[in-house]
1. Give the residue that is modelled with the highest pLDDT, with candidates limited to residues of segment 214-235 that are assigned to a helix (DSSP H, G or I) and closer than 20 Å to ALA95 by Cβ.
2. Determine, yes or no, whether VAL69 is without any contact (Cβ under 8 Å) to a residue 60 or more places away in the chain, over 18 Å from VAL192 (Cα atoms), of a type outside the set (Ser, Thr, Tyr) and touching a His at 6+ places or on another chain (Cβ under 8 Å).
3. Restricted to segment 180-213, and to residues that are β-branched (Val, Ile, Thr) and surrounded by 24 or more Cβ atoms within 10 Å (Cβ to Cβ), which residue is modelled with the highest pLDDT?
4. Any idea how many residues of segment 236-267 are hydrophobic (A, V, I, L, M, F, W, C) and modelled with pLDDT under 85?
5. Do any residues in segment 221-235 that are surrounded by 14 or more Cβ atoms within 10 Å (Cβ to Cβ) have Cβ atoms under 6 Å from those of residues that are of a type in the set (D, E, K, R) and outside any loop (DSSP other than H, G, I, E, B), where the two are at least six apart or on different chains, and which pairs are they?
6. In segment 114-157, what residues are surrounded by fewer than 17 Cβ atoms within 10 Å (Cβ to Cβ), among the hydroxyl-bearing types (Ser, Thr, Tyr) and modelled with pLDDT of 75 or more?
7. Within the set of pairs 6 or more residues apart or between chains, which connect a residue that is under 13 Å from GLU249 (Cα atoms) inside segment 156-180 to a residue that is among the aromatic types (Phe, Trp, Tyr) and surrounded by 15 or more Cβ atoms within 10 Å (Cβ to Cβ) with Cβ atoms less than 6 Å apart?
Amino acid sequence: MPREFRFDLLAKSGYVARGIVFLLVAGLALFSGVAGGRPETKSALSTLLEQPFGRIWVGLIGLGLLGFVAWRLAQSLADSDGHGSGGKAIMIRIALFGSAVIYLGLAAYALGHALLFAGGSDEPGEKGLAAWIMSKPSGSYLAIAVGVGFIIGGGITAAKGLTKKFERYLRIPDGGLLASICIYGLVARGLVFAVTGILFAYAGFRVDPDQAGSIADALQWLRQLPFGSILYIAVAVGLAAFGFYNLVEARYRVVRKPSLDDVKRVLPTRTI
């Protein structure tokens, strides 16, 4: 029982950390004209570093994100959420593993800066990822494929909110207001994710990693559309709702501790 409780805290501290990061990103997006800075995860952490006790807060967020990475690995490799091993389940778990990799990089950035190390560049990770992919054989085609993956992931995230599938793992006592905020946040995050995928695929098409977009680039792209200013504000507020959704998950998420039996169950078996 104690071990299970500790893993539960590890996973939920990760949701808290991710929620705080997205609340900061939303704040930068809404007040960028006043506060300056781009609404990126790294920019949000850099802004927090400048506040009183900033290194302590960023260090705690980094530790929390490591907990989130551990939970994502449990979800993807040990199938702690019970998705199974079918085609759709494998795609979901691959996406969860990708999320683990992304947040591992962000955790390293946070801890590096909190400990006075140069924990990575302030450049958005999407451009660095695009540059790395395009340096490989057939890299531009692979970048387009990754962009399509982002678009699909954005659609799945939005659908998760619209269909309320997130309630499968949440035990919300009052499904009214809290559920509505969760839906809003997931749809907004899905939209930003999809636009990021469009920009990533475009970067692959142009064979130019600088065209790859981040959260800030996605928001700026939305701003250029008809009624873009209204859409920008709506999505920025939605990112704040996504941050709040993570805090709701930290409180009400059902977390199953991974076990060796889970790993054996999801591994492919061979018959003689």
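1. Filtering segment 214-235 down to residues assigned to a helix (DSSP H, G or I) leaves 215-223, 228-235.
Then keep just the ones that are closer than 20 Å to ALA95 by Cβ; that gives 215, 218.
Values: ILE215: 83, ALA218: 86.
So, considering only residues that are assigned to a helix (DSSP H, G or I) and closer than 20 Å to ALA95 by Cβ, the one modelled with the highest pLDDT is ALA218.
2. On the way: without any contact (Cβ under 8 Å) to a residue 60 or more places away in the chain: yes; over 18 Å from VAL192 (Cα atoms): yes; of a type outside the set (Ser, Thr, Tyr): yes; touching a His at 6+ places or on another chain (Cβ under 8 Å): no.
Considered against the rule, which asks whether it is without any contact (Cβ under 8 Å) to a residue 60 or more places away in the chain, over 18 Å from VAL192 (Cα atoms), of a type outside the set (Ser, Thr, Tyr) and touching a His at 6+ places or on another chain (Cβ under 8 Å), VAL69 comes out as no.
3. Of all residues in segment 180-213, those β-branched (Val, Ile, Thr) come to 181, 183, 187, 192, 195-196, 198, 207.
Keeping just the survivors that are surrounded by 24 or more Cβ atoms within 10 Å (Cβ to Cβ) gives 192, 196.
On the way: VAL192: 92, THR196: 89.
Result: VAL192.
4. At the first step, the residues of segment 236-267 found to be hydrophobic (A, V, I, L, M, F, W, C) are 236-237, 239-242, 244, 247-248, 250, 254-255, 260, 263, 266-267.
Restricting the remaining residues to those that are modelled with pLDDT under 85 gives 260, 263, 266-267.
Qualifying residue count, segment 236-267: 4.
5. Short answer, once both residue conditions are applied: TYR232/ARG223.
6. Hits for segment 114-157 are SER135, SER138, TYR141.
7. So the pair list comes out as LEU170/TYR252; ARG171/TYR252; ILE172/TYR252.
Residue by residue, here is whether (1) of a type outside the set (S, T, N, Q); (2) more than 24 Å from ILE156 (Cα to Cα); (3) buried (at least 20 other Cβ atoms within 10 Å of the Cβ) holds:
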position: GLU50; (1), (2), (3): yes, yes, no
position: TRP57; (1), (2), (3): yes, yes, no
position: LEU65; (1), (2), (3): yes, no, yes
position: ALA78; (1), (2), (3): yes, no, yes
position: LYS88; (1), (2), (3): yes, no, no
position: PHE97; (1), (2), (3): yes, no, no
position: ILE102; (1), (2), (3): yes, no, no
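The values are calculated or read from the model by the stated rules, or taken from the named source; none is laboratory data. All values reported here derive from a predicted model rather than from experimental measurement. Neighbour counts run over all protein chains shown; Cβ positions are idealised from the backbone, glycine included.
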